[in-house]
1. Here is a list of conditions, (1) modelled with pLDDT of 80 or more; (2) open to solvent by less than 20 Å² (accessible area, probe 1.4 Å), and Glu57 meets all of them except one; can you say which number that is?
2. Criterion first (at negative phi, free of Cβ contacts under 8 Å to residues at least 24 places away in the same chain and open to solvent by 40 Å² or more (accessible area, probe 1.4 Å)) does Ala209 satisfy it?
3. When the range 64-108 is examined, which residues are found to be within 30 Å of Met140 (Cβ to Cβ), open to solvent by 50 Å² or more (accessible area, probe 1.4 Å) and modelled with pLDDT of 85 or more?
4. Go through the residues of the range 148-155 one by one and say whether even a single one is under 21 Å from Gly25 (Cα atoms), open to solvent by less than 20 Å² (accessible area, probe 1.4 Å) and at pLDDT below 90.
5. Please give the number of the condition Thr79 fails out of (1) within 19 Å of the chain's Cα centre (by Cα); (2) assigned to a helix (DSSP H, G or I).
6. Pick from the range 160-180 the residues that are farther than 22 Å from Tyr191 by Cα, touching a residue at least 60 places away in the same chain (Cβ under 8 Å) and within 20 Å of the chain's Cα centre (by Cα): which of them is least open to solvent (accessible area, probe 1.4 Å)?
7. Does the range 173-184 contain at least one residue that is farther than 24 Å from Tyr31 by Cβ, at pLDDT 90 or above, of a type in the set (A, V, I, L, M) and part of a helix (DSSP H, G or I)?
Amino acid sequence: MLAEPVAVGAIVRRAAPRLVRDGFGPLAAFYAGWKLFGLGAGIGLAALFGISVFVHERRRGQPAVIVRVALALVAIRATVGLSSGSARVYLAQEIGIDMLLAGVVLLSLRGSRPFASWFTGEIYPLPAEVRGSPSFTRAMRTITAVWGGYFLARALVRLAALLTLNTDSYVLVAALSDAPFLIALLAWSVYHTARVLRRSEQWGPLIAAAELAPRA
């Protein structure tokens, strides 16, 4: 039995703020600290933001997979940024990280657990039987391919911005290519998964029963 109805809007409203926080928060913290106090303060503030979010999620008993990845990226950014002493170099790492993410995401399609399936538990608590089914795996493969394409496209957009714009304009492009698309892709990912499972002969009745069950 599902723990709750598969309501796309409710799931997105619950998960989107955390996704944006984990993905965009460190960049926003860096930019604010850099502009107000200098490069070192910006890097330190971004690192502090990532650590505080990780501690918060662990105290809530969450697996915090997304936060773990974000925290590792914060550590890499901080090390390179402090050693280079350049805000532009610090920000340029976003391009390399996006390329790395695209590679990891797309390569995961070769295995039995596509990238998207790694984070399902943080978005919606599907039973293990559902997560191990062919219908679910098929949905995860499609979603993983789309996210991999997004990270690759975002890297190319940011590279073009870095080569043609000043640092402040680059940060604006980075922000606009981040949060709005993360929310849109999250919504589509939840919708696509629900659509595939609803059409499944095996899981369609289970989802229907959860949606008809009285709520507490």
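The values are calculated or read from the model by the stated rules, or taken from the named source; none is laboratory data. Because the structure is predicted, anything quoted here is derived from the model rather than measured. Please note: Cβ atoms are built from the backbone with ideal geometry, for glycine as well, and neighbour counts cover all protein chains shown. The accessibility values were calculated without ligands, DNA or RNA, using every heavy atom of the protein model including side chains. Shrake-Rupley method; radii C 1.70, N 1.55, O 1.52, S 1.80 Å.
1. Among (1) modelled with pLDDT of 80 or more; (2) open to solvent by less than 20 Å² (accessible area, probe 1.4 Å), the lone unmet condition for Glu57 is (1).
2. Values: at negative phi: yes; free of Cβ contacts under 8 Å to residues at least 24 places away in the same chain: no; open to solvent by 40 Å² or more (accessible area, probe 1.4 Å): yes.
For Ala209, the condition - at negative phi, free of Cβ contacts under 8 Å to residues at least 24 places away in the same chain and open to solvent by 40 Å² or more (accessible area, probe 1.4 Å) - is not met.
3. Residues of the range 64-108 that are within 30 Å of Met140 (Cβ to Cβ), as a first pass: 64-77, 93-108.
Next cut, open to solvent by 50 Å² or more (accessible area, probe 1.4 Å) only: 68-69, 72, 75-76, 99-100, 104, 106-107.
Met99, Leu100, Val104, Leu106, Leu107 - these are the residues of the range 64-108 that are within 30 Å of Met140 (Cβ to Cβ), open to solvent by 50 Å² or more (accessible area, probe 1.4 Å) and modelled with pLDDT of 85 or more.
4. Looking for residues that are under 21 Å from Gly25 (Cα atoms), open to solvent by less than 20 Å² (accessible area, probe 1.4 Å) and at pLDDT below 90, one finds none in the range 148-155, hence no.
5. The number of the failed condition is (1).
6. Step one: of the range 160-180, the residues farther than 22 Å from Tyr191 by Cα are 160-176.
Retained after the next criterion (residues that are touching a residue at least 60 places away in the same chain (Cβ under 8 Å)): 162, 167, 170-171, 174-175.
Subset that is within 20 Å of the chain's Cα centre (by Cα): 171, 174-175.
Working: Val171: 15, Ala174: 0, Ala175: 25 Å².
That would be Ala174.
7. Here is the first cut: in the range 173-184, the residues farther than 24 Å from Tyr31 by Cβ are none.
Within the range 173-184 (the criterion being farther than 24 Å from Tyr31 by Cβ, at pLDDT 90 or above, of a type in the set (A, V, I, L, M) and part of a helix (DSSP H, G or I)), the answer is no, since none of the residues qualifies.
Residue-by-condition table, conditions (1) out of contact with any Gly (no Cβ under 6 Å at 6 or more places or on another chain); (2) farther than 24 Å from Arg13 by Cβ:
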| site | (1), (2) |
| --- | --- |
| Gly103 | yes, yes |
| Leu106 | no, yes |
| Ser112 | yes, yes |
| Ala116 | yes, no |
| Phe119 | yes, no |
| Pro125 | yes, no |
| Met140 | yes, no |
| Gly148 | yes, yes |
| Ala155 | yes, yes |
